[in-house]
Amino acid sequence: MTLSQAREKLEKYGQEHVLKYYDELNEREKDELLAQIEATDMSILESCKHRDELAKKGVITPLAAMQLPEIEANRESFTETGLEAIKAGKVGAVLLAGGMGTRLGSDNPKGMYNVGLTRELYIFECLVNNMLDVVHQADAWFHLFIMTSDKNHEATVSFLKEHDYFGYKAEYIHFFMQEMAAATDYDGKIYLEEKGKLSTSPNGNGGWFISMKNAGLLELVQKEEIEWLNVFAVDNVLQRIADPCFVGATIQKNCAVGAKVVRKNAPDEKVGVMCLEDGRPSIVEYYELTDELMNAKDENGDPAYYFGVILNYLFRVADLLEILENNLPLHIVEKKIPFLNENGEQVKPETPNGFKFENLVLDMIHQMKSCLPFEVVREKEFAPIKNKTGVDSVESARELLKKNGVTL
Ligand code: UTP
């Protein structure tokens with residue numbers, strides 16, 4: 001892109017200020033900035049001015065979850081079906097590790113966080129240990145795809161390599177990078193991170209399947225005849241991955257996607273809950289849950305919207321391929337964004353100072369024809385690390401790890 005083409009694009013979207021330092025840049029920096037301007041989707045930035053309109057929901061009705069008694073009664077049969085699929089190589093796992101983990105506030109990728117107390121025990125290591133349980137149970141390896149972003153790719157890859165993938169077989173690990181999106185101030189103006197660089201942040205976890213495709217990994221998925229992909233977050237150190245019972249239940253119920261859910265610990269707990277929206281599976285975020293929905297009862301008199309998602313989904317690949325071209329809704333999130341101030345100095349803000357633009361994996365659920373919410377025991381499978389202390393923190397996760405017999 002030439003300078004005049006860049007100017008034209010920037011004027012169209014009211015972003016000319018990003019060229020403020022252009023004349024001070026060397027030739028390489030100039031080229032890089034122009035390339036970044038060319039690659040950035042600026043058409044989405046305007047939408048931060050009408051954020052409220054983005055989150056319009058359809059008609060919400062309950063979606064029954066498969067609960068623990070039913071799972072227990074069928075555990076053997078589900079597990080057998082799941083193990084068969086895993087042994088046949090039909091199941092792969094996708095670790096979403098492209099996030100910035102700003103709430104945890106560590107400069108390293110979240111997976112590199114050491115939760116150990118008397119020994120080193122990294123978040124990545126906890127996840128691999130959980131996967132190795134299944135590898136041993138099935139006596140078969142399954143492919144693990146790891147999504148990183150421009151901000152943490154090098155660090156993630158070298159850390160895992162240095163630690164010999166914590167015992168996971170290297171041939172079964174594949175990295176890919178997600179796309180980035182510009183980050184703006186509250187008026188939708190793109191921040192500069194450096195004089196020749198727009199502020200960017202990973203574009204949310206919803207683009208994982210497209211990013212896998214862009215990285216050429218769908219060829220591998222197809223060649224290996226992987227039929228199911230278990231997508232999971234980096235920060236839940238207790239979660240079971242490629243859990244044979246969950247895999248088997250989703251297969252037996254012939255659902256396009258399975259979602260692990262936990263019973264909420266309070267009606268107003270801050271988790272998204274499973275529901276139907278206009279007759280299709282969906283998730284209502286906690287801030288969208290009206291009092292009416294919070295207090296609604298199902299036909300058995302139980303709370304109708306009581307099963308929260310924990311970001312552990314098993315997608316059928318055939319159905320993912322069908323929605324590949326579909327757009328996902330945009331989420332505009334307030335975050336702390338490093339930026340250059342008026343004097344051209346780099347600032348790392350202590351409090352949120354603008355917007356990031358994201359697509360979310362939970363919105364993919366609404367594009368699926370059918371979904372099995374599958375209840376798991378919270379104390380055994382849900383220990384997310386979002387913060388350093390307090391709710392969903394390193395502290396709370398350590399307690400739960402100990403309760404589950406993990407030496408810290
Ligand atoms: P979170 O919603 O916790 O976001 O991500 P985050 O960026 O990691 O953390 P905060 O909000 O800044 O503190 C849930 C999961 O989705 C992944 C994260 O790595 C985590 O596993 N994720 C999030 C991505 O892979 N890409 C993204 O762009 C965002």
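Odds and ends about this structure:
- Residues of the stretch 284-321 that are surrounded by 14 or more Cβ atoms within 10 Å (Cβ to Cβ) and within 22 Å of M212 (Cβ to Cβ): V309, I310, L311, N312, Y313, L314, F315, R316, V317, D319, L320, L321.
- Restricted to the stretch 82-103, and to residues there that are buried (at least 24 other Cβ atoms within 10 Å of the Cβ), within 15 Å of R316 (Cβ to Cβ) and among the small types (G, A, S), the residue that is farthest from the ligand (Cβ to nearest atom) is G82.
- Residues in the stretch 152-179 that are crowded, with 22+ Cβ neighbours inside 10 Å and under 30 Å from A6 (Cα atoms): N152, Q178.
- Residues of the stretch 206-228 that are within 16 Å of the ligand (Cβ to nearest atom) and aromatic (F, W, Y): W208, F209.
Residue-by-condition table, conditions (1) within 16 Å of the ligand (Cβ to nearest atom); (2) at positive phi; (3) not acidic (D, E):
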{"site": "H331", "(1), (2), (3)": "yes, no, yes"}
{"site": "N341", "(1), (2), (3)": "no, no, yes"}
{"site": "G344", "(1), (2), (3)": "no, yes, yes"}
{"site": "V347", "(1), (2), (3)": "no, no, yes"}
{"site": "F357", "(1), (2), (3)": "yes, no, yes"}
{"site": "V361", "(1), (2), (3)": "yes, no, yes"}
{"site": "I365", "(1), (2), (3)": "yes, no, yes"}
{"site": "M368", "(1), (2), (3)": "no, no, yes"}
{"site": "G390", "(1), (2), (3)": "yes, yes, yes"}
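- Leading residue by the ranking (nearest to Y168 (Cα to Cα)) among those in the stretch 104-140 that are small (G, A, S) and within 15 Å of the ligand (Cβ to nearest atom): G111
- The stretch 1-20: number of residues that are out of contact with any helix residue (DSSP H, G or I) (no Cβ under 8 Å at 6 or more places or on another chain), in a loop (DSSP other than H, G, I, E, B) and over 14 Å from Y191 (Cα atoms): 0
Every read-out reported here was derived from the displayed coordinates using simple, explicitly stated rules and does not represent laboratory data. Model, not experiment: these values are computed from the prediction. Reconstructed Cβ throughout: ideal geometry from the backbone, glycine too, with neighbour counts over all protein chains shown.
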